[in-house]
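Heads up: the structure comes next, in structure tokens.
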Amino acid sequence: MRNVVRSYVITNAPAILQLVGTITASTTIARMGNATGISRAIYSDPYSAGPDEGNQSRVIDKLNDWYFGKCAYCERFYKLDVEHFRPKGEIRDEDNGLLRAVGYYWLGYEWSNLLPSCISCNRDGGKNSKFPYVAGGNLVTAPVFDAVGNLDRTFCLVEHHLLVGELPALLNPETDINIVSYFAFEVDSDMQGIKIKGIDVNRRGEITANVCKLNRQEIRRDRLQGVVMDFVNSVHNSVAILKITNDDNSFAAQLNLHIRKVYNDCNEPKLSHTLLRKYIVSSLENFEDIVIPFIVPEFQQILLTAFKNYTAI
Ligand SMILES: [Zn+2]
């Protein structure tokens with residue numbers, strides 16, 4: 001997960017969510033009091049993109065202006081669902097127990113409530129209808145209508161203080177600033193993957209990881225292969241060259257370049273796992289915990305020193 005700043009202005013929403021018919025339908029659904037009238041044909045706006053692509057979604061296409069094809073939760077490139085941050089139907093807790101039989105039905109077509117989620121974070125025992133809360137929040141259980149009886153969109157915005165005041169436990173990459181403060185990473189005991197863990201006192205990081213199943217085997221392996229081994233292989237290539245050339249100066253310059261790439265990559269939103277990339281370079285301890293175990297032993301200390309002495313220029 002990485003922080004994303006997205007525009008909720010309706011003119012920046014997908015075209016189908018701007019249609020008068022969709023806005024009218026939102027009011028109709030809000031008056032009905034349940035999610036039965038919500039249509040995937042509207043909140044996803046699917047289309048056939050040809051034999052190589054299969055079915056795609058115009059809403060996902062629009063979300064990709066901000067998410068670049070990545071899942072909002074696990075930051076991988078994968079088949080994406082249009083996910084309702086606040087569930088439109090029932091609401092379940094972290095352990096999938098039923099909290100409320102009726103969900104946020106009035107937010108079914110709310111642009112700020114839609115996130116791109118990969119099908120394994122959303123389905124497969126993942127997030128689905130789960131929306132646990134931190135204790136002490138004031139839950140919003142009904143929509144607000146304006147003076148002429150239409151659904152009042154102001155109260156539907158994910159950043160509205162009444163919705164924020166519910167104290168959702170699930171982190172939202174757009175409204176929970178400083179996502180980095182909720183998570184740490186560690187190497188699996190069998191060294192086959194990298195695990196994410198929550199570290200905040202309210203357990204929001206831990207709950208988010210549990211709800212979205214962010215420690216599934218394929219994600220742990222993807223973090224290791226896509227981020228850590230990419231760097232480790234570059235270092236080992238330079239080690240191989242050093243053994244032929246014995247050119248220590250060139251080797252030191254190459255290590256500095258490899259480290260610079262990790263620093264640069266953590267600010268590149270189009271790459272996967274930027275949260276992990278940030279974590280690795282944010283302290284010497286993190287670098288030592290996550291990267292060093294994969295480096296050939298005789299070069300571990302040399303690489304640590306190179307990290308300590310890293311220069312940006
Ligand atoms: Zn995902």
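All of the numbers you see were taken from the coordinates with simple rules; none came from a lab. Computed from a predicted structure; not experimentally measured. Methodologically, a virtual Cβ is constructed for each residue, glycine included, from the backbone with ideal geometry; neighbour enumeration extends over all protein chains shown.
Each residue of segment 164-180 was assigned a 3J(HN,Hα) from its phi angle through the Karplus expression (A = 6.51, B = -1.76, C = 1.60, θ = phi - 60°), giving 4, x, 5, 6, x, 7, 5, 6, 10, x, 9, 10, 9, 6, 6, 3, 4 Hz with x at Gly and Pro.
Based on alpha-carbon positions alone, could you give the equivalent ellipsoid semi-axes of segment 217-308 from the gyration tensor, as √(5λ), descending, whole Å?
Numbers: eigenvalues 103, 36, 32 Å².
Each semi-axis is √(5λ); the values are 23, 13, 13 Å.
Placing R0 at 25 angstrom, the Cβ-Cβ distance between ALA15 and ARG123 gives a FRET efficiency of 0.40 after rounding to 0.05.
Rg and Dmax of segment 122-222, based on Cα coordinates, read 16.9, 62 Å. Under 15 Å from a label point 7 Å along Cα→Cβ of THR36: give me every residue in segment 105-119 with its amide N that close. Residues 105 fall inside that zone. Assuming charge only on the beta carbon of Lys and Arg (+1) and of Asp and Glu (-1), the dipole of the chain about its Cα centre is about 400 debye to the nearest 20.
The H on the amide N of ASP81, modeled in the peptide plane, is under 5 Å from the matching H of SER117, CYS118, ILE119, each at least 5 residues off or on a different chain.
Extension gain, LEU304 to SER48, is 87.1 nm, computed as 0.36 nm per intervening residue step minus the present C-alpha separation.
Of interest is the spacing of the C-alpha centroids, which for segment 27-70 and segment 237-313 amounts to 41 Å. Straight-line cross-link partners of LYS195 among the lysines, defined as a Cα under 29 Å from its Cα and at least 8 positions apart when in the same chain: LYS70, LYS79, LYS127, LYS130, LYS213, LYS261, LYS270, LYS278, LYS308. Length available on full extension from ASP188 to LEU257: 0.36 nm per residue minus the Cα-Cα distance, which gives 22.1 nm.
Selection among VAL102, THR274, THR208 by position relative to the dipole of the chain gives VAL102 as farthest towards the positive end (Cβ unit charges, Cα centre).
Magnitude of the Cβ-charge dipole of segment 88-158, K/R +1 and D/E -1, about the Cα centre, nearest 20 debye?
Details: 7 positive and 8 negative charges, 24 e Å.
Roughly 120 debye, rounded to the nearest 20.
If you rank LEU17, LEU284, LEU303 by fewest surrounding Cβ atoms within 10 Å, what's the result?
Values: LEU17 20, LEU284 11, LEU303 23.
The most exposed by this proxy come first: LEU284, LEU17, LEU303.
A dipole drawn for segment 217-308 from +1 and -1 charges on Cβ atoms has a positive end, and of ASN256, ILE241, LEU304 the residue lying farthest that way is ASN256.
Determine, for VAL5, VAL211, VAL134, the number of other Cβ atoms within 10 Å of each Cβ, and report the residues in order from fewest to most.
On the way: VAL5 8, VAL211 24, VAL134 14.
Fewest to most other Cβ atoms nearby, the residues stand as VAL5, VAL134, VAL211.
If you place +1 on the Cβ of every Lys and Arg, -1 on the Cβ of every Asp and Glu, and leave all else neutral, what size is the dipole of segment 217-308 about its Cα centre, to the nearest 20 Debye? For segment 217-308, the charge dipole is close to 220 debye. Karplus-derived 3J(HN,Hα) values for segment 299-304, using 6.51 cos²θ - 1.76 cosθ + 1.60 with θ = phi - 60°, are 10, 4, 5, 5, 5, 4 Hz; glycine and proline are entered as x. Normalised Debye scattering of segment 10-173 at q = 0.13, 0.18 Å⁻¹ gives log10 I(q)/I(0) of -0.62, -1.21, counting only Cα atoms as equal scatterers and leaving out solvent.
What does the charge count near GLN192 come to, summing +1 for each Lys or Arg and -1 for each Asp or Glu among other residues with Cβ under 14 Å from its Cβ?
On the way: positive: LYS195, ARG216, ARG220, ARG221, ARG223; negative: GLU186, ASP188, ASP190, GLU218, ASP222.
After counting each charged neighbour, the total is 0.
Measuring how big the chain is from its alpha-carbon positions, Rg and Dmax come out at 22.4, 79 Å. Residues ILE295, ILE38 in ascending order of nearby Cβ atoms (within 10 Å, fewest first): ILE295, ILE38. Kirkwood's formula applied to the C-alpha pairs of segment 107-175 gives a hydrodynamic radius of 13.5 angstrom.
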